[in-house]
Amino acid sequence: IARNRIRDTALLESIVLYLMDNIGNTFSAKTISDFLKSQGRKLSTETVYNYLKALESAFLIHKVVRFDIKGKAYLRTLGKYYIVDIGLRNYLLGFRNRDSGHAIENVVYFELLRRGYDVAIGKIGSAEVDFIATTADDKKYIQVTESMMSEDVRNRELTPLQNIRDNYEKIVLSL
């Protein structure tokens with residue numbers, strides 16, 4: 001707070017809670033700004049962006065950029081944020097069994113970093129690939145889901161991988 005000269009600690013807390021409640025979801029600073037405005041807060045998208053940068057510089061969150069697999073370009077909008085310590089999330093929001101898929105995704109993201117991968121989220125058409133993990137000589141496409149028992153979930157997780165027309169490894173991780 002002092003290092004980044006944050007004046008509105010209540011706003012910072014609101015942003016942190018929003019991030020923790022939405023790990024694994026794509027959104028932007030504008031999405032957060034619009035949500036907080038709907039809750040009666042007055043703030044600019046630039047303020048939210050500055051607070052997100054402050055949280056990143058404090059190593060509380062990591063931002064993951066989106067990569068258009070077909071267009072082979074990084075996209076400027078709708079990244080994902082992952083919380084460095086899932087225990088902080090559980091402390092602030094309480095343990096939530098209902099969204100364990102997002103918590104698993106959070107753990108997988110940090111494990112990929114630990115193993116030395118550069119990590120992005122993928123976009124192919126309107127579908128999403130949870131992670132594109134790359135090193136100088138390797139690339140993996142990874143989908144993370146709590147369960148593959150439902151036919152709808154199976155299709156949602158497999159279709160983006162089936163639409164990628166290269167021969168790199170494609171993985172679905174589930175419980």
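The values are calculated or read from the model by the stated rules, or taken from the named source; none is laboratory data. Given the structure is predicted, the values throughout are model-derived calculations rather than measurements. Heads up, the Cβs are rebuilt from the backbone with ideal geometry, glycines too, and the neighbour counts pull from every protein chain shown. Remember, those area values only see protein heavy atoms, side chains included, never the ligands or the DNA or RNA. Shrake-Rupley method; radii C 1.70, N 1.55, O 1.52, S 1.80 Å.
For the residue pairs K37/K63; K80/K139; K37/K80; K30/K170; K72/K170, the C-alpha atoms sit more than 29 angstrom apart in K30/K170. Peptide packing for 127-139, 12-24 was compared via the average number of neighbouring C-beta atoms within 10 Å per residue; ordered from the highest value, the list is 12-24, 127-139.
Over segment 1-124, what percent of the accessible surface lies on carbon and sulfur atoms, probe 1.4 Å? That share works out to 52 percent. Entry comment: accessible area of segment 1-69 is 56 Å² per residue, from protein heavy atoms only and a probe of 1.4 Å. Listed options for percent of Cα pairs over 27 Å apart are (i) 29; (ii) 45; (iii) 23. The value calculated from this structure is the one marked (i).
Charged neighbours of N167, selected by a Cβ distance under 13 Å, balance to +1 (K, R count +1; D, E count -1). The alpha-carbon of K140 sits under 12 angstrom from the alpha-carbons of these aspartates and glutamates, leaving out residues fewer than 8 places away in its chain: D118, D130, D166, E169. Can you give the helix-only mean residue ellipticity at 222 nm for the chain, where every DSSP H stretch with n ≥ 4 adds -39500 (n - 2.57) and the sum goes over all residues, rounded to the nearest 500 deg cm²/dmol? Rounded to the nearest 500, it is -12500 deg cm²/dmol.
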